Every structure is written in structure tokens, then in C-alpha cells.
1. Cβ-Cβ distance below 8 Å, separation of 6 or more or different chains: which pairs start in segment 18-30 with a residue that is over 15 Å from Glu49 (Cβ atoms) and without any contact (Cβ under 8 Å) to a residue 24 or more places away in the chain and end on one that is surrounded by fewer than 13 Cβ atoms within 10 Å (Cβ to Cβ) and of a type in the set (Phe, Trp, Tyr)?
2. Among the residues of segment 4-24, write down those that are surrounded by 13 or more Cβ atoms within 10 Å (Cβ to Cβ), more than 13 Å from the chain's Cα centre (by Cα) and outside any loop (DSSP other than H, G, I, E, B).
3. Just one of Glu115, Glu49, Glu87, Glu67 is closer than 28 Å to Asn133 by Cα and over 14 Å from the mean Cα position of the chain (by Cα); which is it?
4. Of all residues being in a loop (DSSP other than H, G, I, E, B) and β-branched (Val, Ile, Thr) in segment 25-66, which is surrounded by the fewest Cβ atoms within 10 Å (Cβ to Cβ)? Just the residue, please.
5. In the set Glu76, Glu84, which member is exposed (fewer than 14 other Cβ atoms within 10 Å of the Cβ), on the phi < 0 side of the Ramachandran plot and at pLDDT 95 or above?
6. Before we move on, is Glu115 out of contact with any Lys or Arg (no Cβ under 7 Å at 6 or more places or on another chain), more than 21 Å from Ser19 (Cβ to Cβ) and surrounded by 13 or more Cβ atoms within 10 Å (Cβ to Cβ)?
7. Kindly indicate whether Glu28 is among the acidic types (Asp, Glu) and over 23 Å from Ala109 (Cβ atoms).
8. I need the full set of residues from segment 63-98 which are of a type in the set (A, V, I, L, M), out of contact with any Leu (no Cβ under 8 Å at 6 or more places or on another chain) and under 12 Å from Thr12 (Cα atoms), in order please.
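The values are calculated or read from the model by the stated rules, or taken from the named source; none is laboratory data. The structure displayed is predicted, hence computed values, not measured ones. Positions of Cβ are backbone-derived with ideal geometry, glycine not excepted, and every protein chain shown enters the neighbour counts.
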Amino acid sequence: MTTKEILEKYKTIVVYGMSTNPAKPANEVPHYMMARGYKIIPLNPTVEEIDGMKSYKSLMDIPDEIEILDVFRRSEDCLAVVEEAVERKKARGDVKVIWLQLGIVNNEAKKLAEENGIEFVQDKCIKIEYNINF
């Protein structure tokens, strides 16, 4: 699936590692996508809410369907994120796409996601891909 197809098909984005700091990409990018009609769900275990949106502590805590899991974490932390996403997919049948932001690469995480039927994008900014495609 191309990034354009992903962004056309799925409209709910869980932002793993969303920041409370508006100057950081992990805050600015989700707001940009929200302004373009995407539903944003913050996942940050250190805060209760971000910009008026409830922030969840884990993927299993999120009641909504997860379509895109947009990850703002260090590359070495991503295997654990994908392991959590695979558990969620097995339990709930969602998590369609895992998207690692620009500069984030983990091929072991990619292999695990794909073995479990999850589309995987890495080292691409969802905002830049949106701008290229729309």
C-alpha cells in the first residue's frame, strides 16, 4: 500500500509519543493532520491530556479503533511499540498501519509488524507525505 493509499483509506491516527510542547514535531504534526480532517488520539503515559484531548497510557487503553499508529519514539524503542501493537491487533483486530516518523528506522520492528499483517512505513513524515500526495 502506498502512503497516499494509507492516508486516503484511514482517518484515525493514534500518536505514540505525542508531545505537549507545541514547538516539537510530535505536537505540531498531529495538529496539522487534525486540521486536515484526521481524528487524532494522543498516547503519552506521562500526561492526562494534550491540548484538550485525553491522552492514553497504552494501546490497550484506547477504546476507539486504531487505524494508523504514528510513532514518535527513538528507533531502538520501536520494537517494543510494535510488540504492543501486535498484542492489540490480536485482541481487537485493529492497528492497520504502523508509521515511524522521519529519521526513525527499525527493521526488526518492520519484520514483526508485517509478519502479523500490519502495514509498515518507516523514515517518513506523515505531514510531508500528506503534502506530497494531496
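1. Qualifying pairs under 8 Å: none.
2. Listed by number, the residues that qualify are Lys4, Lys9.
3. Exactly one residue qualifies, and that residue is Glu115.
4. Initially, segment 25-66 is screened for residues in a loop (DSSP other than H, G, I, E, B), giving 36-38, 44-48, 51-52, 55, 57-58, 62-66.
Retained after the next criterion (residues that are β-branched (Val, Ile, Thr)): 46-47, 62, 66.
Working: Thr46: 9, Val47: 13, Ile62: 20, Ile66: 23.
For segment 25-66, the residue satisfying everything is Thr46.
5. Working: Glu84 fails: exposed (fewer than 14 other Cβ atoms within 10 Å of the Cβ).
The unique qualifying residue is Glu76.
6. No: the conditions fail for Glu115.
7. Against the criterion (among the acidic types (Asp, Glu) and over 23 Å from Ala109 (Cβ atoms)), Glu28 qualifies.
8. Correct list: Ile68 only.
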